[in-house]
1. Which fully enclosed strands (runs of 3 or more DSSP E) of the range 204-316 have 2 or more residues being away from ligand 1 (no atom under 11 Å from the Cβ)?
2. Every residue in the range 143-165 that is open to solvent by 10 Å² or more (accessible area, probe 1.4 Å), polar (S, T, N, Q) and either away from ligand 2 (no atom under 12 Å from the Cβ) or not in a loop (DSSP other than H, G, I, E, B) (or both), please.
3. Return only the number of the condition from (1) within 16 Å of ligand 2 (Cβ to nearest atom); (2) closer than 30 Å to residue 372 by Cβ that residue 140 does not satisfy.
4. Working carefully through the options 157, 134, find the one that is closer than 27 Å to residue 400 by Cβ and either more than 16 Å from ligand 1 (Cβ to nearest atom) or in contact with a His (Cβ under 7 Å, 6 or more places away or on another chain) (or both).
5. Quick check on the range 59-74. Is at least one of its residues of a type in the set (D, E, K, R) and either closer than 22 Å to residue 180 by Cβ or open to solvent by less than 50 Å² (accessible area, probe 1.4 Å) (or both)?
Amino acid sequence: MRRQRGFFELLADAGDASPACESRRRWLTDTVLLASVAGGSRALGLLPAGLLPAAAAGAASGDLLASHPELEILNDRPINAQTPAHLLDDSVTPVSRMFVRNNGIPPENVDPETWRLAIGGEAVLKPHTFSIAELRERFEWHTYQLQIECGGNGRAEFRPPAPGNQWTTGAVSCARWTGVRLRDVLEFCGIGPSAVYIGYRGADRHLSGDPAKAPISRGVPMSKALEDESLIAWALNDEPIHPLHGAPLRLVLGGWPGSVSGKWLTGIDIRDRVHDGAKMTGTAYRVPCEAVAPGTTVADDAMCIIESMPVKSLITHPASGVTVDRSATLAIRGQAWAGDRSVAEVAVSTNFGATWTPAKLAPAPNRLAWQRFEASVRLPGAGYYEVWARATDSASVTQPMLVPGWNPKGYLNNACHRIAVQAV
Ligand SMILES: Nc1nc2c(c(=O)[nH]1)N[C@H]1C(S)=C(S)[C@@H](COP(=O)(O)O)O[C@H]1N2
Ligand SMILES: [Mo]
């Protein structure tokens, strides 16, 4: 079967492959970002592949992203789109501002009435298939705000470049999810003594069109699956889940790479081994167990599965490229998160890290949600400044200033976020 190719894939092949084009693309990205946040209009002709606004790319992506008009499309087949940093300023991410990361083709016209979730696997004692109504009736409901960050968020910064969607900072969200605890459902079915891991199955289709292939089927160790906040959810921000985010049923496991939060959930297997579904092996969502020099080819058996995501922060106000009055106090706001841990402190700098000012940090509304920070700074005069933010987690681990640990697929870049400010 011939694989259909997406618009962005063709664009990438046509231009972005050579290092010269790569640096030009990056220069354009930065320039256009600055221009667009400074209020300039985003002339379509100027935009590099990574920055086509969703609204303008409607034709390429079908109508699926019409509900997310502010996102920047990275790919249209499968659909991948990220959120500009200054649009992640809400404490609860609105659905329209949630990044979209698809590995395959989402199911269409899903019917919650006939939807089924099958619990199986080698280590389940009593396999059972649930309707959504049965899940809702049988188990207690819980709502948590959960932070989901794609393992590849920040990939665009790795050198040599890593293949895949060139996420800059926008593959993170923290919305409210409602459903039942995965633990309650698994315990109802009986967790056998040989249980090691869970693996999910979703209703999306592989890009090749081969029905025997899953686009993605990932999982987590039992310890993560059994946490209070691990949900099988049917609601997102108090509405039925949006079709792009996994309607009508989804696994949500905050703090770990977004890829473990299976969308369009049709099955969960309790495995007697580390789950070996699609994108659990090779270089997918795995990093070298031992750090390697940039560009190294790493053998499969030297790669380890990513678990909790590292501490990170994002400046969501002001937008990069803003012009401010030199005598005014500059209000800075953002979000910080730390995988399974909490964030202990955030500091900001306006002098390239020479001095740091502690930010006010809010507690998380619940475990595995991001935390808001804010700070007020005065700039010493006119000129070009950068605002940097740096978070430290509850184990005293802090964000690196520069891109850490090169790895073949460009995961886990938690380098400090920085924005440009011009004082006049
Ligand atoms: N069934 C299924 N689940 C999936 C995916 C997918 O392609 N298919 N993508 C995963 C990845 S890699 C991420 S980062 C998150 C993205 O969630 P969102 O699109 O709702 O933001 O969903 C995860 N769950
Ligand atoms: Mo992801």
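1. It comes to 219-221, 231-236, 265-271, 286-288, 303-305.
2. Of everything in the range 143-165, those that are open to solvent by 10 Å² or more (accessible area, probe 1.4 Å), polar (S, T, N, Q) and either away from ligand 2 (no atom under 12 Å from the Cβ) or not in a loop (DSSP other than H, G, I, E, B) (or both) turn out to be 143, 145.
3. Going through the list (1) within 16 Å of ligand 2 (Cβ to nearest atom); (2) closer than 30 Å to residue 372 by Cβ, residue 140 breaks only (1).
4. 157 is the lone residue from the list that is closer than 27 Å to residue 400 by Cβ and either more than 16 Å from ligand 1 (Cβ to nearest atom) or in contact with a His (Cβ under 7 Å, 6 or more places away or on another chain) (or both).
5. Just the residues of the range 59-74 that are of a type in the set (D, E, K, R), to begin with: 63, 70, 72.
Now narrow it down to the ones that are either closer than 22 Å to residue 180 by Cβ or open to solvent by less than 50 Å² (accessible area, probe 1.4 Å) (or both): 72.
Yes, the range 59-74 contains a residue that is of a type in the set (D, E, K, R) and either closer than 22 Å to residue 180 by Cβ or open to solvent by less than 50 Å² (accessible area, probe 1.4 Å) (or both).
Residue-by-condition table, conditions (1) part of a loop (DSSP other than H, G, I, E, B); (2) of a type outside the set (Lys, Arg); (3) more than 19 Å from residue 336 (Cβ to Cβ); (4) in contact with a Pro (Cβ under 7 Å, 6 or more places away or on another chain):
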position	(1), (2), (3), (4)
381	yes, yes, yes, no
387	no, yes, no, no
390	no, no, no, no
395	yes, yes, no, no
402	yes, yes, no, no
406	yes, yes, yes, yes
411	yes, yes, yes, no
415	yes, yes, no, yes
422	no, yes, yes, no
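One line per residue, one yes/no per condition, for (1) in the same structural domain as residue 412 (by TED's automatic domain parsing); (2) closer than 30 Å to residue 296 by Cα; (3) away from ligand 2 (no atom under 16 Å from the Cβ); (4) surrounded by fewer than 22 Cβ atoms within 10 Å (Cβ to Cβ):
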{"position": "173", "(1), (2), (3), (4)": "no, no, no, no"}
{"position": "184", "(1), (2), (3), (4)": "no, no, yes, yes"}
{"position": "218", "(1), (2), (3), (4)": "no, yes, no, no"}
{"position": "228", "(1), (2), (3), (4)": "no, no, yes, yes"}
{"position": "252", "(1), (2), (3), (4)": "no, no, no, no"}
{"position": "268", "(1), (2), (3), (4)": "no, no, yes, no"}
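The values are calculated or read from the model by the stated rules, or taken from the named source; none is laboratory data. Source: prediction; values computed, not measured. We place every Cβ from the backbone using ideal geometry, glycine too, and count neighbours over all the protein chains shown. Accessible surface is based on the protein model in full, side chains and every heavy atom, while ligands, DNA and RNA are left aside. Shrake-Rupley method; radii C 1.70, N 1.55, O 1.52, S 1.80 Å.
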